[in-house]
Amino acid sequence: MKSYDIFCKVVDNFGDIGVCWRLARQLRAEHGINIRLWIDALNVAQQLIPALDVTERIQTIEGITIAAWDANTRFEQASPVVIEAFGCELPSDYLALMQAGNIWINLEYLSAEPWVEGFHAQHSKRGNLTRHFFFPGFTQATGGLLREHGMIENNQKIAASRLLQHDFFRRLEVTPPAENSTELKVSLFSYPHAPIHELLNAMAESSRRIVCYVPATSILPKIADFFGKAFITAGERLTHKNLSLQVLPFLSQADYDSLLTICDINFVRGEDSWIRAIWAGRPFIWQPYRQAEDTHMVKLNAFLDVFYTGCAENARQAAINLHRAWASEQLSVSGWQDYLGNIDTLGIFAAQQADRLALQPDLATNLVIYIEKLHHNNI
C-alpha cells in the first residue's frame, strides 16, 4: 500500500484540521493510501475527531494513523510522499531524513485569484529536495476542490427528504420546523469579529420570519450579548421580533454538512466550511480569514468574480454587496433585505454552480494523479 505523511499546523482553528482530516479520510477510503497525519494541536483536532485521545501520541482512527507533532516528537523515517498543508513548514528533524527521491507537496490555501493557475504545479529547490506547490482552485488548470465521491448525491437526498431532515434535528434534540413552515432557515458560522449584532438585527427586522441555527463556537458570547444575556448554551432557543435563534451543539463534519444542505442560506468562514457550502448547493455568504492590509478582500473579490459569473444581474449584485458588507463589517438591514429579495434566483444559481463544479475532478483524485506523475518522472 502507498504511504503519505500529512503535516497539519492548526492556525484557523477548524479550517486547517478540517481540510486535512477530510483529505486524509478520502485518500484512505477512495484511493487506498496509508495515511499518517501529524497534528500540532490534538486538543483542537479532538473537536472534529471525537474518538481522538489527546493523551496518546500515536493512534489509529478510521484507518488513519494520527501522530502528535510537538517539541517532543522524534522522527525515524520520512514517508515516500510528504504533504505539507498550507505552508506549515516541515520540522527540521524530518527534513533531515528526506532524500531527493521523496515527493514533497505543499498543499496551498484555496483561492480564486487568477495567478493561482500559473503557480499550480510549480516547484522550488531546497538543497537536493524539491518542493512542489499544489493549489486548489475553481478551474481545470488548478488542483480542484475537495469533494468526496457521492457527496452531491447525498446532499440532494437530504435536501429532498423531510424525513431525513427531521431525523437530523431530532438527533440534535431540536424541534424540527413544522411541515407548513414558511420560515427561512439560516446557519451561522463565522469569526467573532464579524458584524454579528448587525446581522441578527437585520434578521429580526426581516420581512420574513427567520430561524437561525448557530453551532456552538466562539461566537456564542456575541450572540448572547445581542439577546441581553450573560451567556447561552446549546439547546437554547431565543426570539426577537421576526428572528428565532437555535443554539446547536458543536457539530461533527457530517452533521455540519447536513445542516448546510437543509438551510436556505449559510454563513460560512475560512476554507473548509466554504467548500462545503458550495457543495450544499444553497446560497451562502463567505467570510474569508482576515489578513493584513485587507488582502482577504482581494481574495473575496476574486471569488465573487468567478462564482457569480452568469448570475442574473440583480441577484449577482445583491450577493456581492452582502458578501462585501459581511467581510468589511458594515452590514445593513437594507443590504440583507435586498439579498432576501433575490433569494429564489440565488438558490437556483447556487445549485447550478454546485453541479457545474462537480463535473471537474476532485482535489484528492488530482493530487494522487499528480503524485503518480512525479513518481514516474512524467512532470
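Readers should treat all values here as calculations from the given coordinates under stated rules, not as data from a laboratory. This is a predicted model, so every value here is computed, not measured. Cβ coordinates were reconstructed from backbone atoms using ideal geometry, including for glycine residues, and neighbour counts include every protein chain displayed.
Between V333 and V54, the contour length at 0.36 nm per residue exceeds the Cα-Cα span by 96.0 nm. For the chain, the list of Cys residues with no other Cys C-beta under 4.7 Å reads C88, C212, C263, C311. Taking Cα centre as origin and charging only the Cβ of basic (Lys, Arg, +1) and acidic (Asp, Glu, -1) residues, the dipole magnitude of the chain rounds to 280 debye.
The 3J(HN,Hα) values that the Karplus relation (6.51, -1.76, 1.60; θ = phi - 60°) gives for the range 82-98 are, in residue order, 10, 10, 9, 7, 6, x, 6, 6, 5, x, 4, 4, 6, 4, 5, 7, 7 Hz. Gly and Pro appear as x. Computed over the range 172-215, the P(r) curve from all C-alpha pair distances, binned at 5 Å from the origin, holds 5, 18, 26, 24, 16, 9, 2, 0 percent per bin.
By the equivalent-ellipsoid construction on the alpha carbon gyration tensor, the range 309-354 comes out with semi-axes of 19, 11, 8 Å, ordered largest to smallest.
Take every DSSP beta bridge with both residues inside the range 25-132 and express the antiparallel ones as a percent of the total, to the nearest 5.
Details: 8 of 19 bridges.
Rounded to the nearest five, the antiparallel share is 40 percent.
Taking K and R as +1 and D and E as -1, what net charge do the other residues with C-beta under 11 Å from the C-beta of V116 add up to?
Numbers: positive: K299; negative: E108, E113, E117.
Once positives and negatives cancel, what remains is -2.
Percent antiparallel among DSSP beta bridges with both residues in the range 134-245, to the nearest 5? Can you show the working numbers first?
Values: 3 of 10 bridges.
Antiparallel: roughly 30 percent of the beta bridges in the range 134-245.
Of all DSSP beta bridges located in the chain, what percent are antiparallel, nearest 5? The antiparallel fraction comes to roughly 25 percent. With the helix formula -39500 (n - 2.57) applied to DSSP H stretches of n ≥ 4, the chain reaches a computed 222 nm mean residue ellipticity of -12000 deg cm²/dmol. Cross-link candidates for K2: which lysines have Cα within less than 20 Å, leaving aside residues fewer than 8 places away along the same chain? Cα-Cα hits under 20 Å: K373.
Rounded to the nearest whole angstrom, the semi-axes of the ellipsoid equivalent to the chain, taken from the Cα gyration tensor as √(5λ), stand at 37, 23, 19, largest first. Counting every alpha-carbon pair across the range 98-185, the share separated by more than 16 Å comes to 70%.
So which chymotrypsin sites (Phe, Trp or Tyr not before Pro) in the range 166-261 pass both tests, a DSSP loop state and at most 14 other Cβ atoms within 10 Å of the Cβ?
Numbers: sites: F168, F169, F189, Y213, F226, F227, F231, F250, Y256; in loops: F189, F227, F231, F250.
In loop regions of the range 166-261 (DSSP not H, G, I, E or B), the sparsely surrounded chymotrypsin sites (Phe, Trp or Tyr not before Pro) are F227, F231, F250.
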